[in-house]
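None of the figures in this text is laboratory data; all of them are computed from the coordinates on show. This is a predicted model, so every value here is computed, not measured. Positions of Cβ are backbone-derived with ideal geometry, glycine not excepted, and every protein chain shown enters the neighbour counts.
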Amino acid sequence: MHGKFLLNLSILQAILISCTILISDDSIYTTAQTSEASDSDSVTTVTITAVGDIMCHSVQYNYARVENDSFDFNPVYREVKKYFINSDFLFGNFETVTAGRSKGYSGYPFFNTPDAFIPALKNAGFDLLTTSNNHSLDQGENGLLRTIELTRKNRLSYIGTFASKRDRDSIRIFNVKGIKIAFLAYTYGTNGNPIPKGKSYLINLIDFDLIEKDIKEARLNDAEVVLVHYHFGEEYKREPVYSQKEIVGKTIELGADLIIGGHPHVLQPADYFKTVNAKLDSGFVIYSLGNFISNQRWRYSDAGVILNINLTKDYRGDSIYISKVDYIPTWVFKGSTDRGPEYVILSSLPDYKSSITGYLSKGDLSSLKQSYEDCNFILTKYTNRIKLFEEPMFVLNVKARGYEKKHPDLNKNYAGKSLFQMNPQKNLDSNKTLIKRLPGRIK
């Protein structure tokens, strides 16, 4: 009997070692298997995908209006979501809030966006939203908190704004196919909207003492890669200003591996750097990803980029490195199609033919081409090591119409079912696991 007990105890220990406790905001998250590479699979590569500022001006939600208080933002992403299929982790900067209908919907300068904006991002394939930016407090503390609540409800992770001090001190570390990546996010300010007294935890401001503490905490909790997102710089400047370079330089000294920027609403260059006390030997920075979706219709601001960073882990050599960085230039169409007035994010790759090409005017086609040329020039200004995306032959060129029922294979959310309501073997998100949100379960 004693021998059987020891055997059972050993089995239990082995099971516990091979599992990771998921600490999250909802009790449906319990445990998930995380596996190390075997001898026959000693190298793994993951693709981290980032997009720029996700905004919602008033004309955007009016175009998305279905009925008096019903909105459908899903079609906005129908032409680019195919590029997210092969991504292992997708995030972008959520530059608005969802304070609810009772506050009155509004665009610039004090954003309040319909709730339907968030599930459309989930349906498009997003995993994480960075929420610390100059518009985070547009609707005060209640707007910030309600945005977090709605993000959680839609099974999206968030970073940069927080519901409590415990939430703020919970370092987000994701196990993406065996690589543990910490995500941190900070903003230069809140447009003068005051942070409630005694509640500095609500939003991460750029504070090097705080950033140093967070990076150290991430490393202590086994983060192999630390990604820092900054909302900083000067709007509409296509080169980083001195303060951006200074912040990036200090962040490199503190041990960051990847640095992603936003706020200027235009693209800014990318570059590589030598890391300091980090797992990666060479790190990567892009000073601004521009706009992903907005109503800013002028040159440079109507364009953005889908950025893919490939990280490769060699288990035998215990090393992680950036194996490739590529990008897909994007441009925002605003006009009328067979659906009526709408916004649609389009790829501006030269050979790409969208399902709405026939609705583009000569001016649209000229702007689309110009955005492609601008993107290539700006992004590669500091380095030629990042490459234009080459579409694999096996990616389906489906004329997605924005309805997940028609194309469930293009939808990581599978018509609203949560990650763990499905067979993990069929779940496209099963290799992305939130492994630590310290110090404990967030209520």
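Per-structure values
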item: Counted residues, the range 150-163 - those being more than 15 Å from Ala116 (Cβ to Cβ) and either buried (at least 23 other Cβ atoms within 10 Å of the Cβ) or under 18 Å from the mean Cα position of the chain (by Cα) (or both); result: 8
item: Hits in the range 345-358 (condition: out of contact with any Asp or Glu (no Cβ under 6 Å at 6 or more places or on another chain) and closer than 20 Å to Tyr83 by Cβ); result: Ile345, Ser347, Ser348, Leu349, Pro350, Asp351, Tyr352, Lys353, Ser355, Ile356, Thr357
item: Candidate set: the range 353-395, residues that are acidic (Asp, Glu) and out of contact with any strand residue (DSSP E or B) (no Cβ under 7 Å at 6 or more places or on another chain); chosen: the one surrounded by the most Cβ atoms within 10 Å (Cβ to Cβ); result: Glu391
item: The range 220-246, residues that are closer than 17 Å to Val176 by Cβ and not hydrophobic (A, V, I, L, M, F, W, C); result: Asn221, Asp222, Glu224, His229
item: Elements of type strands (runs of 3 or more DSSP E) contained in the range 226-310, each with 3 or more residues being touching a helix residue (DSSP H, G or I) at 6+ places or on another chain (Cβ under 8 Å) and of a type outside the set (Lys, Arg); result: 282-286
item: Counted residues, the range 315-341 - those being surrounded by fewer than 22 Cβ atoms within 10 Å (Cβ to Cβ) and either outside any strand (DSSP E or B) or not hydrophobic (A, V, I, L, M, F, W, C) (or both); result: 17
item: For Thr45: the one exception among (1) within 18 Å of the chain's Cα centre (by Cα); (2) closer than 30 Å to Asp314 by Cβ; (3) of a type in the set (Val, Ile, Thr); result: (1)
item: Subset of the range 263-314 [over 22 Å from Phe377 (Cα atoms), free of Cβ contacts under 8 Å to residues at least 60 places away in the same chain and either crowded, with 24+ Cβ neighbours inside 10 Å or not hydrophobic (A, V, I, L, M, F, W, C) (or both)]; result: Lys274, Thr275, Asn277, Lys279, Asp281, Ser282
